[in-house]
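Here is the structure we will look at, set down as structure tokens.
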Amino acid sequence: MNKMMLGIIDATTYMEPLQQLTLHRSVAAVPFAGRYRLIDFVLSNMVNSGIESIAIFPKYQYRSLMDHLGSGKNWDLNRKRDGLFFFPSPDLNIPSPHIGAFQHFEQHIDYFLRSKQKYALICNSYTVCNIDYQAVLKRHIDNQCDITEVRYQGRSLEMFVLETSLLLDLIANHAQTGYNSIVDVVRDHRHQLKICDYEHHGYVAVIDSIEHYFQHSMELLDPAVWRQLFVKSRPIYTKVKDEPPTKYTASAVVKNSMIANGCIIEGHVENSIIFRAVKIGKGTVVKNSIIMQKSQIGKQCELDRVIIDKDVKVENDVKLQGTEQQPFVVRKGTVQGEMINL
Amino acid sequence: MVKKKCVAMLLAGGQGSRLSSLTKNLAKPAVPFGGKYRIIDFTLSNCTNSGIDTVGVLTQYQPLLLHSYIGIGSAWDLDRRNGGVTVLPPYSEASGVKWYEGTAHAIYQNINYIEQYAPEYVLILSGDHIYKMDYAKMLDYHIEKNADVTISVIEVPWSEASRFGIMNTNEQMEIIEFEEKPANPKNNLASMGIYIFNWPILKAYLQIDNANPNSSHDFGKDVIPLLLSEKKRLVAYPFKGYWKDVGTVKSLWEANMDLLNEESELNLFDHSWRIYSVNPNQPPQYIASDAVVTESLINEGCVVEGSVEHSVLFQGVHIQKGAVVKDCVIMPDTVIGENVYIEKAIVPSDIEIPSGMTICSDDILLVTKEWLQAQNLEKVEKG
């Protein structure tokens, strides 16, 4: 039990710049990389690092997140002991400018008190990478650190390892110390705690705006990038959908694209990410775009630098054009008709 | 145990010896099919989609992979508190070890399993066939016809009728005669090996059959003829739709190619009748800049850098640069090397076709490790 960690995922974040994709879902549930939700990455990293007790603290719009996670079975977290815990915030008015707000944890303090794990790992829900937290913990113990912060090229990835007992102290005393979150503690230098850095090597994408969402999605099309993210020995798990393999018809032309299962491709797809069960009609050209699950694109359409959320229907002969900085975003469940854009 | 109206018994112990080395280490129901499935997925998915939640799976030949694949049945939503999937391999008893000697004997050996649920009806299935069928409709028909036994039949071309077990029926679809592979067929209704029995009748006749030392303990050869001779009420249930026994390398290849046919009756994309399978958890497929992909089914985890035409690729397959894959079935995690040309072949799992090789023959070729080694030897001898 000595090297066991609690996994704590702070999914309370609301991000204004991602708003177009988070009207109906929390940031943690934003679809990414063709078949995943953002939270799949941190969750799979935790599971692959041997973490068996994971607590998720959601706040806004968490219906789709709960639907996605279910009992945690797809991550092997439907356990008799430990497993997956869901701790929604009973109070929406708690300010949470940073990850790891102690007031959120305090509302579910029983979880921390009951857990036997000596260490705790606190992460945000929107950092995409493939990391072994056991290596972070080993460094943390070897260097006798109080808190270890994972960084990438000098930037915090908002992943923190500390002893559970220290976390309990910080939660209990936050009113006296004035530290409202784990980030406050790490940024402050007036205390006696030993704060260490752990530099992560390998691909990292922090999804904090539509622009970055689009940019990082496009980066995935580089085999050198996806090979760092999708490692055979440390797979990324997600909710199973039982889609058939993707069907390419005689008229399909596909170049440099990532395509999930259950699609029917009759048109031209280039430099794009296509999620599960998408249909691309004949004569349609999709370039530099992201099309989320179950959206249907009609015939003879032209899409360039477009993000199409799930369950969208694009009728025949529709042209949609965005830019690198401002991809054209089509909201979930809407219809894009030829007449609408005239 | 909670009483069940209908219990399914799925015969999955067959070797499928005509599938050559594909079934050397695994039972025929576990043979990969359709880019992400194993043959047994179709029958198990039919059960769950038909509302049958109690399924005994009878295994015998090479059961390791099949057992671990089925697990507790979660992939097909058959992990149930009452019923669900139960794997039933042969077992030993006080009188000795009894292998399953025939399809009827396998069920006879598991009478105790069925009795736990005190069912009214027992559905006998085979794990060797590719088809989508609503067994609930067949059960309604069985009850409506007041039958003792209902046998599902499919119209086959007259020219092929002599390869099947043929049911001769009257106008009410009552079976009056059963002929196993008749030289001169009187009918073209072939048995699909799917039976619904009233359980008391099945139990009684399994016991009679088991006591007969001259019986081969097979449903088609022994039990059905016995029931007919005793004037029991046997009714044929006509099935329309796609049904294929993938018994040979050629028919396995054909059934895969059928999926690429736009007019195919076997629709894998039907959300109301999903075919479930154990998920391999791999990332989306990546189609590279130089790739060409047409008329194909491609599963997750594949990387295509070459050209894939009219083919089925299972999960984790890698088609390297310059390779051309045409009319092929490539099973999981196989690598097709650079500039390979391969046509009309089935390549089993975990094989690497070396760069530059050309594989093309008139017949459907099963490219195994042994075959590749033999090619290498030939090259050395010639060289």
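The values are calculated or read from the model by the stated rules, or taken from the named source; none is laboratory data. Since the model is a prediction, treat every value here as computed from it, not as a measurement. Every residue, glycine among them, receives a Cβ derived from its backbone with ideal geometry; neighbour counts consider all protein chains shown.
In segment A:47-74, of all residues being of a type in the set (Lys, Arg) and either at pLDDT 90 or above or in contact with an Asp or Glu (Cβ under 7 Å, 6 or more places away or on another chain) (or both), the one that is surrounded by the most Cβ atoms within 10 Å (Cβ to Cβ) corresponds to A:LYS73. Taken over segment A:229-279, the criterion of being over 26 Å from the mean Cα position of the chain (by Cα), aromatic (Phe, Trp, Tyr) and more than 7 Å from every other protein chain (Cβ to nearest Cβ) is satisfied by no residue. Is it true that A:ALA29 is within 14 Å of chain B (Cβ to nearest Cβ) and either modelled with pLDDT under 95 or over 17 Å from A:PHE160 (Cβ atoms) (or both)? So A:ALA29 fails the test.
Got a sec? Which of B:LYS321, B:LYS326 is among the basic types (Lys, Arg) and away from chain A (no Cβ under 13 Å)?
Matching residue, one of B:LYS321, B:LYS326: B:LYS326.
Could you grab me the full set of residues in segment A:173-214 that are among the aliphatic types (A, V, I, L, M) and surrounded by 14 or more Cβ atoms within 10 Å (Cβ to Cβ)? Steps first, answer last, please.
Of the residues in segment A:173-214, the ones among the aliphatic types (A, V, I, L, M) are A:175, A:182-183, A:185-186, A:193, A:195, A:204-207, A:210.
Correct list: A:ILE182, A:VAL183, A:VAL185, A:VAL186, A:LEU193, A:ILE195, A:VAL204, A:ALA205, A:VAL206, A:ILE207, A:ILE210.
Within segment A:212-226, the set of residues being part of a helix (DSSP H, G or I) and facing chain B (nearest Cβ under 10 Å) comprises A:PRO223, A:TRP226. Applying the condition of being free of Cβ contacts under 8 Å to residues at least 60 places away in the same chain and among the aliphatic types (A, V, I, L, M) to segment A:219-244 and asking which residue is surrounded by the fewest Cβ atoms within 10 Å (Cβ to Cβ) yields A:ALA224.
Quick check on my filter: what residues within segment B:250-302 are assigned to a loop (DSSP other than H, G, I, E, B) and of a type in the set (Ser, Thr, Tyr)? Give the derivation first.
The initial filter retains those residues of segment B:250-302 that are assigned to a loop (DSSP other than H, G, I, E, B), namely B:259-270, B:274-284, B:288-291, B:295, B:299-302.
B:SER264, B:TYR276, B:SER277, B:SER289 - these are the residues of segment B:250-302 that are assigned to a loop (DSSP other than H, G, I, E, B) and of a type in the set (Ser, Thr, Tyr).
So which of A:LEU170, A:LEU157 is part of a helix (DSSP H, G or I) and either more than 23 Å from B:GLN315 (Cβ to Cβ) or not assigned by the TED database to the domain that holds A:ASN74 (or both)? Break it down stepwise before answering.
Details: A:LEU157 fails: part of a helix (DSSP H, G or I).
After ruling out the rest, the residue left standing is A:LEU170.
The set of residues in segment B:221-249 that are in a helix (DSSP H, G or I) and surrounded by 20 or more Cβ atoms within 10 Å (Cβ to Cβ) comprises B:ASP222, B:VAL223, B:ILE224, B:LEU227, B:VAL249.
Taking the condition surrounded by 12 or more Cβ atoms within 10 Å (Cβ to Cβ), under 28 Å from the mean Cα position of the chain (by Cα) and acidic (Asp, Glu), does B:ASP350 pass? Talk me through it step by step, then tell me what you get.
Working: surrounded by 12 or more Cβ atoms within 10 Å (Cβ to Cβ): yes; under 28 Å from the mean Cα position of the chain (by Cα): yes; acidic (Asp, Glu): yes.
Against the criterion (surrounded by 12 or more Cβ atoms within 10 Å (Cβ to Cβ), under 28 Å from the mean Cα position of the chain (by Cα) and acidic (Asp, Glu)), B:ASP350 qualifies.
Note on segment A:285-294: among residues that are surrounded by fewer than 24 Cβ atoms within 10 Å (Cβ to Cβ) and free of Cβ contacts under 8 Å to residues at least 60 places away in the same chain, the one that is nearest to the other protein chains (Cβ to nearest Cβ) is A:LYS294. Every condition in (1) more than 9 Å from chain B (Cβ to nearest Cβ); (2) free of Cβ contacts under 8 Å to residues at least 24 places away in the same chain holds for A:LYS282 except the one numbered (2). Within the set B:SER159, B:SER152, the sole residue that is of a type in the set (Gly, Ala, Ser), free of Cβ contacts under 8 Å to residues at least 60 places away in the same chain and either assigned by the TED database to the domain that holds B:GLU230 or loosely packed, with under 14 Cβ neighbours inside 10 Å (or both) turns out to be B:SER159.
Just one of the listed residues (A:SER289, A:SER295, A:SER251) is over 26 Å from B:LEU260 (Cα atoms) and either polar (S, T, N, Q) or in the same structural domain as A:SER209 (by the TED database) (or both), and it is A:SER289.
Could you say whether any residue in segment A:298-312 is without any contact (Cβ under 8 Å) to a residue 12 or more places away in the chain, farther than 24 Å from B:GLY316 by Cβ and either within 14 Å of chain B (Cβ to nearest Cβ) or surrounded by fewer than 21 Cβ atoms within 10 Å (Cβ to Cβ) (or both)? No.
Conditions tested, residue by residue: (1) surrounded by fewer than 20 Cβ atoms within 10 Å (Cβ to Cβ); (2) in contact with a strand residue (DSSP E or B) (Cβ under 7 Å, 6 or more places away or on another chain).
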site: A:LEU38; (1), (2): no, yes
site: A:ASP76; (1), (2): yes, no
site: A:ARG79; (1), (2): yes, no
site: A:ASP82; (1), (2): yes, yes
site: A:PHE85; (1), (2): yes, yes
site: A:ASN93; (1), (2): yes, no
site: A:PHE102; (1), (2): no, yes
site: A:ILE109; (1), (2): yes, no
site: A:LYS116; (1), (2): yes, no
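When segment B:278-294 is filtered for residues that are polar (S, T, N, Q), within 7 Å of another protein chain (Cβ to nearest Cβ) and within 28 Å of the chain's Cα centre (by Cα), the ones remaining, listed by number, are B:ASN279, B:ASN281, B:GLN285, B:THR294. Can we say B:ALA183 is under 20 Å from B:TRP99 (Cβ atoms) and either in contact with a Gly (Cβ under 6 Å, 6 or more places away or on another chain) or surrounded by fewer than 17 Cβ atoms within 10 Å (Cβ to Cβ) (or both)? Considered against the rule, which asks whether it is under 20 Å from B:TRP99 (Cβ atoms) and either in contact with a Gly (Cβ under 6 Å, 6 or more places away or on another chain) or surrounded by fewer than 17 Cβ atoms within 10 Å (Cβ to Cβ) (or both), B:ALA183 comes out as no.
Here is a yes/no grid of residues against (1) out of contact with any strand residue (DSSP E or B) (no Cβ under 9 Å at 6 or more places or on another chain); (2) at pLDDT below 95; (3) crowded, with 21+ Cβ neighbours inside 10 Å; (4) in the same structural domain as B:LEU226 (by the TED database):
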residue: B:GLY84; (1), (2), (3), (4): no, no, no, yes
residue: B:VAL87; (1), (2), (3), (4): no, no, no, yes
residue: B:GLU93; (1), (2), (3), (4): yes, yes, no, yes
residue: B:VAL97; (1), (2), (3), (4): no, yes, no, yes
residue: B:THR103; (1), (2), (3), (4): no, no, yes, yes
residue: B:ALA106; (1), (2), (3), (4): no, no, yes, yes
residue: B:ILE111; (1), (2), (3), (4): yes, no, no, yes
residue: B:ALA118; (1), (2), (3), (4): yes, no, no, yes
residue: B:LEU125; (1), (2), (3), (4): no, no, yes, yes
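Only a single item in (1) touching a Lys or Arg at 6+ places or on another chain (Cβ under 9 Å); (2) not in a helix (DSSP H, G or I) is not met by A:ALA55, and it is number (1). If the condition is being surrounded by fewer than 17 Cβ atoms within 10 Å (Cβ to Cβ) and modelled with pLDDT under 95, then segment B:273-287 contributes B:PRO280, B:ASN281. In segment B:58-79, the condition of being in a loop (DSSP other than H, G, I, E, B), surrounded by 18 or more Cβ atoms within 10 Å (Cβ to Cβ), among the β-branched types (Val, Ile, Thr) and within 21 Å of the chain's Cα centre (by Cα) is met by at least one residue.
Being farther than 17 Å from A:GLN215 by Cα and either outside the structural domain of A:GLN325 (by the TED database) or of a type in the set (A, V, I, L, M, F, W, C) (or both) is the filter here, so list the residues in segment A:260-285 that pass it. Before you say what the answer is, go through the steps one by one.
From segment A:260-285, those farther than 17 Å from A:GLN215 by Cα are A:260-269, A:276-285; that's our starting set.
Result: A:ALA260, A:CYS263, A:ILE264, A:ILE265, A:VAL269, A:ALA277, A:VAL278, A:ILE280, A:VAL285.
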